[in-house]
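> Before anything else, here's the structure in question.
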């Protein structure tokens, strides 16, 4: 699956408009399944020139720091990040 990673600071349920955010699209190392394409619309052709997650894993981890992650789809997002971090051979936290 392609990764779409973002981070914003949120306090008491409100997003801080001055917070630094990160949005990164990554190229999956496989074809995008049709059911996933139907959800996010990110085709193999669109993702063909995007970077792989692995080379940017350290940058992502530095950006996240020790902040808690609040995923939209916790089971999928956590599994995705852990698999990509494992593939990149980067030390990480669960």
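The values are calculated or read from the model by the stated rules, or taken from the named source; none is laboratory data. If you're wondering where the values come from, they're calculated on a predicted model, not measured in any experiment. In this analysis, Cβ positions are derived from the backbone assuming ideal geometry, glycine residues included, and neighbour counts consider all displayed protein chains.
> Being assigned to a loop (DSSP other than H, G, I, E, B) and under 14 Å from the mean Cα position of the chain (by Cα) is the filter here, so list the residues in the stretch 47-67 that pass it.
Selection gives 50, 51, 52, 53.
> Next question, about the same structure. Just to be sure before I move on: is residue 5 modelled with pLDDT of 85 or more, surrounded by 12 or more Cβ atoms within 10 Å (Cβ to Cβ) and in contact with a helix residue (DSSP H, G or I) (Cβ under 8 Å, 6 or more places away or on another chain) in the structure I sent? Walk me through it before giving the result.
On the way: modelled with pLDDT of 85 or more: no; surrounded by 12 or more Cβ atoms within 10 Å (Cβ to Cβ): yes; in contact with a helix residue (DSSP H, G or I) (Cβ under 8 Å, 6 or more places away or on another chain): yes.
Considered against the rule, which asks whether it is modelled with pLDDT of 85 or more, surrounded by 12 or more Cβ atoms within 10 Å (Cβ to Cβ) and in contact with a helix residue (DSSP H, G or I) (Cβ under 8 Å, 6 or more places away or on another chain), residue 5 comes out as no.
> So which residues in the stretch 23-36 are outside any loop (DSSP other than H, G, I, E, B) and within 16 Å of the chain's Cα centre (by Cα)?
23, 24, 25, 36
> Tell me the residue from 85, 37, 42, 52 that is touching a strand residue (DSSP E or B) at 6+ places or on another chain (Cβ under 8 Å), at pLDDT 85 or above and surrounded by 15 or more Cβ atoms within 10 Å (Cβ to Cβ), please. Before you say what the answer is, go through the steps one by one.
Details: 85 fails: touching a strand residue (DSSP E or B) at 6+ places or on another chain (Cβ under 8 Å); 37 fails: touching a strand residue (DSSP E or B) at 6+ places or on another chain (Cβ under 8 Å); 52 fails: touching a strand residue (DSSP E or B) at 6+ places or on another chain (Cβ under 8 Å).
Being touching a strand residue (DSSP E or B) at 6+ places or on another chain (Cβ under 8 Å), at pLDDT 85 or above and surrounded by 15 or more Cβ atoms within 10 Å (Cβ to Cβ) holds for just one of 85, 37, 42, 52, which is 42.
> Filter the stretch 37-46 down to the residues that are within 19 Å of residue 73 (Cβ to Cβ) and in a helix (DSSP H, G or I) and list them by number.
37, 38, 39, 40
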